[in-house]
Amino acid sequence: MSRVRADEEEYWHSSKFRAFTFDDEDDELSQLKESKRAVNSLRDIVDDDDDDLERVSWSGEPVGSISWSIKETASGSTSSLDGRDSSLQKGSSSYAALPKQASSYSLSSLFKGRNKLSSFQSLSDALTDTGVKNYAPELRRPKAEYKDYSSDWSPKDTVRRMQRGKVCSLERFRSLQDKLVLLDEAVAGHDGNVITAVLIFLKRTLRREILFRELEVRQVALCHLIHFLRETGEQKFLLDLLRFLDRTEEVALSQYREHLNIQDVEKRREFLKGCIGLPFSTEDTSHIQDHYTLLERQIIIEANDRHLEMAGQSELFRKYPRKASILNMPLVTTLFYSCFYHYTEAEGMFSSPTNLKKTFKIPDKQYVLTALAARAKLRAWGDVDALLTTKNWLGYTKKKAPIGFHRVVEILQRNNAPVQVLQEYVRLVEDVETRLNLATKYKCHDVVIETYRDLKDRVQLTAYKSKVERGSVEEEKIQSILSNVVRN
């Protein structure tokens with residue numbers, strides 16, 4: 001008996017805490033194993049036949065003890081485990097909620113390491129059993145964690161805890177003054193997430209006019225709220241806020257942005273027509289008008305082209321079927337479409353490229369770039385030549401490219417233009433170095449030879465002779481130039 005008492009004294013005065021080392025496992029699993037080892041060690045001091053030891057007062061119980069695990073398992077039951085010092089009695093009702101596969105383990109059997117069938121089983125085996133392992137307790141959080149829900153945090157402390165990711169209740173801030181102090185502390189903390197969280201709380205608990213009035217003098221918080229409303233799509237609340245701030249242009253732009261949510265093309269056209277009268281700036285009013293006009297043109301073009309495509313009356317549509325509808329496309333895309341399918345139409349037609357250029361005041365540079373890409377894709381080299389040919393007042397013609405002839409060459413090459421077509425425009429590149437680079441890159445041998453001849457660069461011409469095919473026309477041309485230089 002004295003041996004048992006000595007073992008009891010050693011157990012109760014021993015500590016389950018070990019000195020810190022970097023090899024310690026800082027996770028719940030290691031702590032759970034620690035708790036199971038402490039419970040299993042009780043087998044040495046507990047007599048298997050002494051059922052009275054089941055009634056134990058667990059004052060200062062360690063995390064993960066049997067009493068604590070039973071409380072956690074029976075958290076949803078109506079058993080009388082309200083205080084820490086409640087006794088654990090045999091046949092406790094806390095096990096009534098367990099499923100049938102776990103019913104073979106009583107508190108007594110878990111405590112002593114036996115099951116009802118009298119077959120010995122350790123607590124670690126019981127906890128890893130299929131029927132019991134689902135009820136293995138999670139480690140309780142420190143008490144300090146639960147102070148988040150107390151009512152003694154100041155606005156400053158609340159903001160600091162929110163910045164650390166702690167869950168804090170804001171409902172205790174009831175007065176307007178407390179709420180404003182909380183908002184000011186959030187702004188002072190320079191944490192956008194905390195500011196947004198506080199603003200959501202104020203938005204929910206304050207009348208709009210009061211919230212708007214206070215935000216008017218807090219520009220940082222105001223910007224956060226406006227951005228939040230735009231991201232979440234709370235259009236009505238945003239419009240009310242902007243109207244209160246007398247930001248008429250922003251109100252108009254916010255209303256105009258609503259057209260993106262309208263799928264029906266006719267309804268969108270009517271909506272854009274109504275937006276023309278909103279208080280936009282002069283520049284924005286022009287853009288809204290152009291948007292409405294463009295959509296109106298697209299509706300007409302789409303209806304006509306769909307009819308032609310379905311009727312099979314156009315060879316171009318049969319050879320190059322449309323890949324998508326023209327509706328709601330940008331202006332540049334519409335111009336490319338028009339240059340591709342309606343390039344030769346008269347200016348009076350809505351689908352004519354020149355009509356689009358004139359109506360929407362498209363710059364020459366943009367028009368030439370788009371039309372060149374469209375006609376080159378169709379390999380209409382005659383249209384490309386006409387596009388880049390201008391006539392002066394005396395009737396003389398010359399080639400002119402607002403985008404630069406080096407850009408012309410690149411576009412033509414991407415569309416697999418023949419070498420003869422490329423050479424014609426490579427020759428028109430004014431910068432000699434750029435001209436030589438393009439001619440060499442795209443194997444325009446005649447241009448390279450002519451350029452070196454004009455530069456009277458015998459060395460480069462001789463070196464280039466080795467790059468052309470032996471016995472070719474280009475080699476003969478180089479040899480002829482070199483021979484004439486020697487004679488001269």
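Under 12 Å from a point 7 Å along the Cα-to-Cβ line of residue 293: which residues of segment 342-381 have their amide N that close?
355-362
Just want to confirm a number: the relative contact order over segment 263-362, from Cα pairs under 8 angstrom separated by 6+ residues, in percent.
That works out to 20 percent.
When ligands, DNA and RNA are left out and all protein chains stay put, how many square angstrom of accessible area per residue does segment 263-362 have with a 1.4 Å probe?
58 Å²
Identify the trypsin sites (Lys or Arg not before Pro) of segment 252-359 meeting these criteria: DSSP loop state and at most 11 other C-beta atoms within 10 Å of the C-beta.
Those that pass, being in a loop and sparsely packed, are 323.
Cα centroid distance between segment 167-224 and segment 240-304, in Å?
Cα centres, segment 167-224 to segment 240-304: 33 Å.
Over 28 Å between C-alpha atoms is what I'm after, so list which of 399/465; 273/377; 203/267; 267/357; 319/361 land there.
Too far apart for the 28 Å limit: 399/465; 273/377; 203/267; 319/361.
Which shape class, rounded, prolate or oblate, goes with segment 385-440 when its Cα gyration tensor gives a ≥ b ≥ c as root eigenvalues, a/c under 1.5 marks rounded, and past that a/b bigger than b/c marks prolate?
Here segment 385-440 falls in the prolate category.
Explain nothing, just compute: Karplus ³J(HN,Hα) = 6.51 cos²θ - 1.76 cosθ + 1.60, θ = phi - 60°, for every residue of segment 382-395 in order, whole Hz, x for Gly and Pro.
Along segment 382-395, the couplings run x, 5, 4, 4, 5, 5, 9, 9, 10, 10, 8, 6, 8, x Hz.
Normalised by the residues of segment 155-246, what does the relative contact order come to in percent, with Cα pairs under 8 Å and at least six apart?
22 percent
Taking the convex hull of the Cα atoms, report for segment 155-246 its projected area averaged over all directions, in nm².
5.5 nm²
Relative to 2.2 N^0.38 Å, what does the C-alpha radius of gyration of segment 263-362 come to as a ratio? Two decimals please.
1.16
Using θ = phi - 60° and the Karplus curve 6.51 cos²θ - 1.76 cosθ + 1.60, what whole-Hz ³J(HN,Hα) does each residue of segment 468-478 get, with Gly and Pro shown as x?
The phi angles translate into 9, 5, 5, x, 7, 4, 5, 5, 5, 5, 5 Hz.
Whenever you get a sec, compute what percent of the accessible area on segment 160-292 sits on carbon and sulfur atoms (1.4 Å probe).
50 percent
Accessible area per residue, 1.4 Å probe, Å², for segment 155-246: what's the number?
The answer is 55 Å² per residue.
The values are calculated or read from the model by the stated rules, or taken from the named source; none is laboratory data. In this text the structure is predicted, and so the values were computed from the model without any measurement. Note that we place each Cβ from the backbone using ideal geometry, even for glycine, and neighbour counts take in every protein chain shown. Just so you know, the surface numbers come from the protein's heavy atoms only, side chains and all, with ligands and any DNA or RNA stripped out. Shrake-Rupley method; radii C 1.70, N 1.55, O 1.52, S 1.80 Å.
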